[in-house]
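Trainee: First the structure, which I've put down as structure tokens, then a few questions once you've had a look.
The values are calculated or read from the model by the stated rules, or taken from the named source; none is laboratory data. Quick caveat, the model's predicted, so the values are computed rather than measured. When we count neighbours, we look across all protein chains shown, and the Cβ atoms used for this are built from the backbone with ideal geometry, even at glycine. To get the accessible areas, we keep the full protein, side chains included, count just its heavy atoms, and leave off ligands, DNA and RNA. Shrake-Rupley method; radii C 1.70, N 1.55, O 1.52, S 1.80 Å.
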Amino acid sequence: MAAASAVRAAGRRSRKFFDIFVAEVPWTVSSKELKEYFSQFGSVQRCQLPFDKDTGFHRRYCWIKFSTPQDVQNVFQKDSHILEGAKLTLRQQPRRRRSQRQNQSE
């Protein structure tokens, strides 16, 4: 049990390093499709789309990590993002400096 909770905690901490949180993702959209969509704005390093173990479906939200801050700005210059007829809700994740992360962990 301790190992499972450590993995969950590490996952929560790692999400702080993503640039964008995306909600209202349609059930039919895969992480590959999300990565392809957002790559039009810049280089996508990673797309994390969590799945529910009980249902087998994704949880309708994800995190996107871009290579540069300019790529993130490119995303937010577009008024709305629509995939398969659904409007995505985007929120920029705050980038924290290493010194801020160390202070919070102490």
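Trainee: If you take the residues of the range 52-94 that are among the β-branched types (Val, Ile, Thr) and out of contact with any helix residue (DSSP H, G or I) (no Cβ under 7 Å at 6 or more places or on another chain), which of them is farthest from residue 42 (Cα to Cα)?
Mentor: Narrowing the range 52-94 to residues among the β-branched types (Val, Ile, Thr): 55, 64, 68, 72, 75, 82, 89.
So of that shortlist, the ones also out of contact with any helix residue (DSSP H, G or I) (no Cβ under 7 Å at 6 or more places or on another chain) come out as 55, 68, 72, 82, 89.
On the way: 55: 33, 68: 8, 72: 8, 82: 17, 89: 19 Å.
The extreme case among them is 55.
Trainee: So, one more: Tell me which residues, restricted to the range 15-29, are open to solvent by 20 Å² or more (accessible area, probe 1.4 Å), modelled with pLDDT of 95 or more and not in a strand (DSSP E or B).
Mentor: 24
Trainee: Give me the residue from the range 56-98 that is loosely packed, with under 10 Cβ neighbours inside 10 Å and at positive phi and, out of that set, modelled with the lowest pLDDT.
Mentor: Taking the candidates together, the pick is 56.
Trainee: Do any residues in the range 38-60 that are in a strand (DSSP E or B) have Cβ atoms under 7 Å from those of residues that are open to solvent by 40 Å² or more (accessible area, probe 1.4 Å) and of a type in the set (Gly, Ala, Ser), where the two are at least six apart or on different chains, and which pairs are they?
Mentor: 45/67; 47/31
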